[in-house]
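Below: the structure, in structure tokens.
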Amino acid sequence: MAALCEAFTLCGLGPSGGVGQGGGVLALEPGPGPDHVLLTDRGRTATLFKVSDQKPLGCWSVKHGQIITSPVVCNFETHEYIAVHDDKVLRIWKDEDVNLDKVFKATLSADVYRIHSLPHGDPLVLFKGGGVRTLDVLLEAPQQEIENIISDEVIKWSEAFLEGQQPVLIFITEKDGDFFVYVQKLKMNSLHKYKLEQQESSSPLSFTAYIRKQIITLLCLYSNDSVYKVLIPLQQNGEGEEQILSKSLLLNLSISGSVLKGTSLVVIDKDHVAVLGSLAASGEESKECLTIWNTKFQTLQTSKELPLGTSGQLWCYGEKFFFTHGKVLTVVIYKCETSSLAAAVGKLKDSQASDISSFVNWNTLEDEERVVSFQPQQSAALKSESKMTLRSRRNSVAKAQPDAFKVGQILLNIKDTSAAVIEDELRQLLLKAQIPDFQATIGCVITALINRCKTDPVFYPRNFLLQMVQKRELSYSLCPDLMAVALEKKDVHLLQICLQRFPDIPEEITYACLKVFLSISDDYLERTDVNLESVICYIDIEPKNKELKTEVVENGFNTELEEDSCDNTVLKETHTTNDGEFCPVGPRKAALLNAVLHSAYSETFLLPHLKDLSAQQAVLFLRYLHYLYVKCSEKINTTLPGMLSPTINQIMDWMCLLLDAHFTVMVMLPEAKGLLSSLHKFVRAQVRFYSELNKIEGTLRELQRIKRQKDSQAYSIEVLELI
């Protein structure tokens, strides 16, 4: 017999469904203790909770502009936390670490899909191309080449098991409606591929799996409101040809004429599963609910209605269900007894433990979520000292020399050959040669080119450097001197592309780029190639749509122009659009500043550098941020048009940082008084507007709930009283 017992709230969620400022819950993983869970949102924050106390034990965030792309997991053997942000940047830290910018970091050569932590083994790293590495092997050479196993297939979910001492990884891909199952045993270095039998006019929505006696049991929730079972034996002779996995009907989700439209499926024990979904009867409104089913006797054991709605995600750890309910993360304790006919009809009195060794629970395919229901157990002994040292020290990027003789010859030629000849040789190499460890090789080439640039002021292969950065083959850590040379050469186009592509630029370099962009003259920029995609849709750049407006402003504040006042007469030049709103900088400088706004940063490290901006530069930058803020507020969705345009959050974050860095200067500077006054008025008007909206929020919600009893065929007048 199964029962849903006590329910309580673990934490509140943000407006978009995620903790803090994230865009929803990315995953919930087991923590270092049996009463701990790790919550990762779809933004940049991970939080460790103690469930019984309903309180957070730690919270970590990556820098602004970075996004956690693989859920944070716990390495149970080393008591460390592991995460991946921006697909390729690996972070490892411990409980006592506070600032993730100072913890271990490694930039990998391929995009990571998911990291899987095992209770008694080294974590496994699964890449989007299907390649797999243990964490120890990966950290020995972070830039090692990762094989691409799957072609034109997309990984939908994955998980790892321990069968005895053998780690087993299973992942499922999809291509053109077909689903493929890959099973890999790492120690034996064997990989088997299967094709999942198609189900007519229905598709899989959620999966759950467990392993027992060398057999993986895969349960699939399909859109036809049924659960199917697939058996996958681990004992196979060689890799062989692709086999088709047949499935059998396990459970039909129907109750007395009502049908449960499931969204998530988790396994509890060998005879019970939990399904989250909407229960709908003919002629009645559907209701979201959490249910527990007995698969052996095809019976619904218990259910709980969820009136506030859910996100469709469900996790299960330590006899507790976790799911979003409204704007909170809810925990429901459950009890499940041994499956028997007496238990199915509620007559069993004695409880017995399940004999299933471990279970793996998966969430919906749409959200690409899954969760592990095994109890994490800490190892009795830690890794060897060499492995601990490997994780705690900062790893430098490997610069392996490729085997190809031609690459070595080019590296020698870089020392004394002209830029045109070297660029031609490098282009031919990239087109024809099969280069092992491609990214590490490119790092060696870029480093050699930059070293030549430092010793030879005339040498500067700008076109090749620009081409490499635009192909997203580089990161700042792979060629740290590239941007320094570009700053020295005032190559603003290369700096712009680096700011847009590199995920790991230090704050000092970001500030240096900002200072150069603010100080460089418009005449110089007119002769420079700059990417205008981020500004072309909201700043007029055609001569017929742009005029140079000169205004003479005396002492005092001109409310019509909303310009800053000064003690002396000031000559001001602004770029104006047809609607009369002024942009304080030209389109090329605006595009460069937008690249700075897109770069990732940490407030702690960026703020001291911003204080070094001159007063004139700070005022000009704030004026441009104010212009962008007004432009964003004109749109209903507060989004600027165009590619790579800054978001409202980026604009506000930078505006706050700039005011924090120069608040005293801004208050005392006469030229800034008008700007601050205008900004204050605009923000105050917005606050009042949203305050008025909040007053009628309750009324609007009531209007949404009103349902017509019947459709009126004739003309009618309805009177609604707003209280």
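A few notes on this one:
- Evaluated over the Cα positions of the stretch 37-188, the convex hull gives a direction-averaged projected area, one quarter of its surface, of 10.4 nm².
- Kirkwood-based shape ratio for the stretch 101-258, expressed as Rg/Rh from alpha carbons: 1.01
- The share of accessible area on the stretch 477-537 that comes from carbon and sulfur is 46 percent, using a 1.4 angstrom probe.
- Around the Cα centre of the stretch 99-228, unit charges on the Cβ atoms of Lys, Arg, Asp and Glu (plus for the first two, minus for the last two) sum to a dipole of about 420 debye.
- Sorted peptide list for 310-323, 651-664, 504-517, criterion being average Cβ within 10 angstrom, highest first: 310-323, 504-517, 651-664
- Computed over protein heavy atoms with a 1.4 Å probe, the accessible surface of the stretch 39-181 works out to 32 Å² per residue.
- FRET efficiency for the Phe459 to Ala685 pair, using the beta carbon distance and R₀ = 35 Å, is estimated at 0.05.
- Too-long pairs where the Cα-Cα distance tops 21 Å, listed order kept, from Lys88/Lys175; Lys128/Lys185; Lys247/Lys296; Lys50/Lys320; Lys611/Lys681; Lys213/Lys261: Lys88/Lys175; Lys611/Lys681; Lys213/Lys261
- Distance between the stretch 597-653 and the stretch 137-188 - C-alpha centres, whole angstrom: 41 Å
- Surface share of carbon and sulfur [accessible, 1.4 angstrom probe, percent] for the stretch 576-666: 57 percent
- Highest average packing first - 591-601, 121-131, Cβ atoms within 10 Å: 591-601, 121-131
- Protein accessible area in the stretch 40-154, 1.4 Å probe - carbon and sulfur %: 46 percent
The values are calculated or read from the model by the stated rules, or taken from the named source; none is laboratory data. Given the structure is predicted, the values throughout are model-derived calculations rather than measurements. All Cβ positions, glycine included, derive from the backbone under ideal geometry; neighbour counts span all protein chains shown. Side chains are part of the model used for accessible areas, which takes the heavy atoms of the whole protein and leaves out ligands, DNA and RNA. Shrake-Rupley method; radii C 1.70, N 1.55, O 1.52, S 1.80 Å.
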